[in-house]
Amino acid sequence: MDLNLHLPHPARMYDYFLGGKDNYEPDRQQAEQVEKVFPSVRQAARINRAFMHRATKYVAHEGIRQFLDIGTGIPTAPNVHQIAQEVEPQARVVYVDNDPIVLAHARALMTSTPEGCTAYLHADLTGPEQILSAPEVRHTLRLDQPVAVSLNAVLHFVPDDRHPYNVVAALLESVPSGSFLVISHATTDFDSETFDKIQNIYRDGEIPCQFRTREEIGGFFAGLEISDPGLVPPHRWRPDPVDLGDGDGGLARLDAQVGLYAAVAKKA
Ligand SMILES: C[S@@+](CC[C@H](N)C(=O)[O-])C[C@H]1O[C@@H](n2cnc3c(N)ncnc32)[C@H](O)[C@@H]1O
C-alpha cells in the first residue's frame with residue numbers, strides 16, 4: 001500500500017504533536033507551521049488524548065462493552081481497548097482509520113485481553129455503510145447490542161461537502177438505544193483568526209479540513225441525550241482533579257490554547 005510519505009497526513013502530524021516517532025519530513029514541516037501560529041498545539045493534542053481516556057472509561061463504567069473507534073490514529077498507549085478492558089476485560093473494540101501508516105502499526109492495537117477482542121479496519125469514515133458491513137466489524141461487534149462510537153479529533157477532517165452529519169447519523173442509526181457517541185472537534189470559536197490559519201495550513205498540505213463552531217459541532221448530537229457537563233472544551237469534561245489547573249482563570253486560558261469541544265451522548 002502506498003504510504004504517500006511525500007505528503008503530510010493528519011495521523012502523522014498528530015503523532016508529531018504527541019511527541020511520537022512515526023512521522024516524516026513533510027508531516028514535520030506542516031506540523032511546525034501549525035505550531036508557529038498555534039504554539040500550544042502539543043498541549044491541545046495531549047488534552048484531547050486525555051479526554052479520549054476519560055470518555056472511554058466513562059462509557060465503560062456506564063456498561064458499554066463494545067467500541068467502534070473511527071480515526072484511531074497511530075497507536076499511542078493507552079489506546080481505547082486498554083482503557084476499556086481495564087474496566088471490563090471482555091470489552092471488544094474495532095479500530096478504523098484511513099491512513100496506511102496506522103494500518104502498518106495496527107499490531108499494537110491487537111493486544112487484547114484473552115476475554116476481549118480487538119480488530120482493525122482500514123476504511124474511510126465517509127463510507128459508513130462500508131464500515132458497518134465490513135467483516136472486521138461484523139465478526140467483532142454485535143450491532144444489536146449497545147456500542148460506543150468514538151470520533152475523536154477526526155470530524156474536522158470531513159468538510160461539509162463530504163456530508164459528515166449524514167455519516168454520523170448513519171453510524172448511530174445502525175446501533176441500538178443505549179449506545180453512545182463520543183466526539184472531540186476543533187473549533188473556530190475561541191480564536192477564529194488562528195484557526196482559519198491552521199485550516200489553511202492543512203488545506204495547503206492537501207488535507208481536507210473544516211473547523212466548526214460550537215453550534216455546528218452540537219449538530220452531530222441531534223436527537224441524543226448529552227451527558228453532563230455537555231459540549232465543552234475537553235479539559236472541562238469531567239476533569240481528573242489533577243487536570244483542573246489554577247481555578248477558572250486557568251481553565252479559561254486553556255479554552256483558547258486547546259481550541260476543541262468535546263462531548264459524550266447516549267442514544268435514547
Ligand atoms: C488527530 S488524529 C486523532 C487520533 C485519535 N482519535 C485521538 O483523538 O487521539 C485524526 C485521525 O483521523 C484519521 N482520519 C482523518 N480523516 C479520516 C477519514 N476520512 N476516515 C478515517 N480516518 C480519518 C487520521 O488518519 C488520524 O489518524
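What follows is calculated from the coordinates using simple rules that are stated; it is not laboratory data. Here the structure is a predicted model, which means the values were calculated and not measured. Backbone-built Cβ (ideal geometry, glycine too); neighbour counts: all protein chains shown.
Give me, ordered by chain and number, the residues 5 or more places off Val158 or on other chains with an amide H under 5 Å from its own placed amide H.
Gln210
Which trypsin sites (Lys or Arg not before Pro) does region 1-69 hold that lie in a coil by DSSP with at most 13 other beta carbons within 10 Å?
The qualifying sites are Lys21.
Using the Kirkwood radius over C-alpha pairs as Rh, can you work out the diffusion coefficient of the chain via Stokes-Einstein at 4 °C, viscosity 1.567 mPa s, in µm² per second?
For these conditions, the coefficient is 70 µm²/s.
What does a probe at Asp204 reach in region 15-33, counting residues whose amide N is under 16 Å from the point 7 Å along Cα→Cβ?
26-33
In terms of modelled amide H atoms, which long-range or inter-chain residues lie less than 5 Å from the amide H of Asn152?
Counting only residues 5 or more places away or on other chains, the set is Ile70, Ser184.
What's the lysine pair count for the chain at a Cα cut-off below 21 Å, pairs eight or more apart or interchain?
Lysine pairs satisfying the spacing and distance rule in the chain number 4.
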